[in-house]
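The values are calculated or read from the model by the stated rules, or taken from the named source; none is laboratory data. All values reported here derive from a predicted model rather than from experimental measurement. In this analysis, Cβ positions are derived from the backbone assuming ideal geometry, glycine residues included, and neighbour counts consider all displayed protein chains.
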Amino acid sequence: LRALQPCQNDSDMVRRVGIQYALEQCHDLLANDVAGIHFYTLNQSGATRMIFDSLGIPRHRNLQASSV
């Protein structure tokens, strides 16, 4: 949250900081062998797509069915 303080009045910067933070968390999770990552997009998939594309995961991996 500290990273958001300097840019709280700049919605574009807040978005970029949030995407970067989420990307770092995803990298950490994948580095620690999680079985998968689930994103809640709330019909706002642009940021999620940017995160997914930045992870460098081959497209075929996102087609696996959930067991839940």
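Results for (1) among the acidic types (D, E); (2) free of Cβ contacts under 8 Å to residues at least 24 places away in the same chain; (3) closer than 21 Å to R2 by Cα, shown as yes or no for each residue.
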| site | (1), (2), (3) |
| --- | --- |
| I19 | no, no, yes |
| C26 | no, no, yes |
| N43 | no, yes, no |
| M50 | no, no, no |
State whether one or more residues within segment 42-58 are in contact with a Lys or Arg (Cβ under 8 Å, 6 or more places away or on another chain), at pLDDT 85 or above and of a type in the set (A, V, I, L, M, F, W, C).
yes
